[in-house]
1. As I understand it, the dipole of the stretch A:4-282 uses +1 on the Cβ of Lys and Arg and -1 on the Cβ of Asp and Glu, about the Cα centre. Which of A:G201, A:P260, A:T215 lies farthest toward its positive end?
2. Restricting to bridges with both residues inside the stretch A:4-282, how much of the DSSP beta-bridge set is antiparallel, in percent to the nearest 5?
3. About the Cα centre of chain B, what is the dipole size in debye to 20, counting +1 per Lys and Arg Cβ and -1 per Asp and Glu Cβ, all else neutral?
4. Of the GluC sites (Glu not before Pro) in the stretch A:251-351, which ones lie in a loop per DSSP and count no more than 16 other C-beta atoms within 10 Å?
5. Excluding ligands, DNA and RNA, what is the solvent-accessible area per residue of the protein assembly as shown at a probe of 1.4 Å, expressed in Å²?
6. Quick check: net charge around A:D226, other residues with Cβ under 11 Å of its Cβ, Lys/Arg +1 and Asp/Glu -1?
7. Do you know the relative contact order of chain B, to the nearest whole percent, from alpha carbon pairs under 8 angstrom that are 6+ apart?
8. As an exercise, identify the trypsin sites (Lys or Arg not before Pro) in the stretch A:298-350 lying in DSSP coil whose Cβ has no more than 11 other Cβ atoms within 10 Å.
Amino acid sequence: MIARETLRILTESAKYDVSCSSSGSGRKNTGGIGNGMPDGCCHSFTPDGRCVSLLKILMSNDCVFDCKYCMSRRSFGTPRASATPEEICELTVDFYKRNYIEGLFLSSAVHISPDHTMEQLVRTVKLLRTKYQFHGYVHLKGIPRADPLLVTEAAKYADRMSYNMELPSEKSLKLLAPQKDKESLFVPMKQLQRERTIFRGEKRRGFFLPAGQTTQMIVGASPERDGQILRLTQSLYRAVGLKRVYYSSYTPVVDDPLLPSAQSPALREHRLYQADWLLRFYGFDVAELVPEDEDLPLDVDPKCAWALRNLQYFPVEVNRAPLEMLLRVPGIGGKSAQKILSARRYTSLTFEHLRKMRVVLRRARHFITAGGKFCGEKNLLSVRGLLAAAEQPEQPQQLSLFDTPAARSALTGEL
Amino acid sequence: MIYFFDGSKDAFLTAFLLAYRDQNAVLTAGNRQLVLGQESVFVSADHERARRCERRFTELDARCMHDLSLLLRSGEDGRGQIALNYFRKIAERGRPVRGEMAEDAVREASECIRRVTLEAHRLKGFVRFMESASGALYAPLAPDNDVCDLLIPHFRARLGNIPFVLHDVRRGKAAVWDGTHAFKAPLTEAEILLSADEDKWQALWRQYYASVNIPSRKRIRQMKGYMPVRYWKFMPENPSAAAGDLPMQRAAPPAEQDGALHPHGSSRPLPPPPGR
């Protein structure tokens, strides 16, 4: 059994990786323990609001790389620990059995050399699949500059792999992560993409990365604009076939003159995710959302911003608009659009119907008509202000008897 | 007229046949204050009539019996009435009405079904098993809706031949997979002899849960939104302590009594089902 202190160190060094999904794999339990759940499953939530789906852990945090933003970097005095493949496997199976986790997210600092580290990771996941007969979800982190044969071997056993871009441009990589470069990340990504396509084409038995690849970028550690980040994202989806791109607000964990000292605002990360969803599920192209050298607006969400720039398309009639257009209405998401499509086959929809069907009208009412009726703001100029105000729900606060200075002095006796 | 039924499918169908023409009918499986001057009747299942009714409904809508089984699992007192209105609509139209979300009856039924399936879905993640000395797994839970046995196929597929018990302590029943058969059984109190390492694994899990959190980002509301507080009770990671709701209450080291350990290492047996 793994020592508690080892688990603590290896978890704390892994926790800043944002990827947590366990979706996309339909692996079956063939005589052992575990299976994939194609929609993924969250098992717990921590007070930071993030879900715990996978056992997210490093094999080792003893790194030869020296990336400025990373708390496992060589020149940083953090306690070091390593776990053996057996310890990781045992931990995974026993946690999984108790339904604590959906699978394993195994990463590692570059320990000794990239090849050595990748070999350890592959050995662990192989052991887990063969000796421990574990068929649950496994997400494996790719180590840049590891041997291509090791990469292929890993993909045969893992459900998903990821190489973290970390920084959205070559220039920032050079500055902040001197041992990484674009090539060391793109080459294995493209290799896996190529091999996965071949494997799928051959319709062979077995698996080759059933849940595909993902990556992660730190936002706010380097000067790239949202427009640039989203263009890179779109090309990763289209050219490299990634399943997800994660964004991580920069959190200062180490002091370095090259890095900003403040936490990057969570709202920027949120807007990037909203734009990311528009690219993947709503049929938007990045050119419609934001110019290359600009950031997304913070006051309204990217779909609202697009709609306000393109008022010539609105208002749309909910009883007639095609799905693609409904999806472009601010405030109407995939589920609401489906409900509307289904309900309008039987009756002509009114605003009352929409409200009862729980279609959120706070934003949508400015952009739709229902049965020819319009319920939004007539003065187009004030719509943006209304939408921005609607973004910030008033936070009701309990009034306190003891909040005034006088009351406080009455309590403490201090004048 | 108020029609009381026992919550079973056959009793519902029998009551439906009596009530569906009566526009003022109230159909209920819960306790309901009797209103003076309102007539009430207790309907017990007539299996033959129920079969006929079921056959007819299946002709009209092949999936409606599945909807009914989910509606009747709901823990809401209004479930009988919601089901009555929904089935009335099917009878009226003579075809499936599932998509007519603009109709109150359909929308209410669909939302009720969604609450049941949502809870089943959430519990797939939030159930926590303990390992007994024999290797079988035991999980106590107190769901709002009667969903225990809906979870069996899910856990059976992933746990292979490990036997497990899902104990609904609120309703005093259990859904069991014994390695070869799945069944439901009444179960009020359970005393589990835990495996030797169970406490160590729970301690490791608590350590993991504490370490993976990023304390500088505190988003308790989000945490509670995704994982409602009512599910925290049976989680060994003790989210309420982590969220700062309660002083840290570490389970005391398990007290050994005649070699038998109570779950969670406490010496109190599981709570009896509250009277419903």
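1. The residue sitting most towards the positive pole is A:G201.
2. 10 percent
3. Its charge dipole is roughly 900 debye.
4. A:E292, A:E294
5. Spelled out: the 1.4 Å probe surface of the protein assembly as shown, per residue, equals 46 Å².
6. That sum, taken over residues with Cβ under 11 Å, equals -3.
7. Answer for chain B is 13 percent.
8. When the trypsin sites (Lys or Arg not before Pro) of the stretch A:298-350 are filtered for loop state and at most 11 Cβ neighbours within 10 Å, A:R320, A:R345 remain.
The values are calculated or read from the model by the stated rules, or taken from the named source; none is laboratory data. Since the model is a prediction, treat every value here as computed from it, not as a measurement. Quick reminder, even Gly has a Cβ in these numbers, built from the backbone with ideal geometry, and neighbours come from all protein chains shown. Side chains included, ligands, DNA and RNA excluded: accessible areas come from the protein's heavy atoms. Shrake-Rupley method; radii C 1.70, N 1.55, O 1.52, S 1.80 Å.
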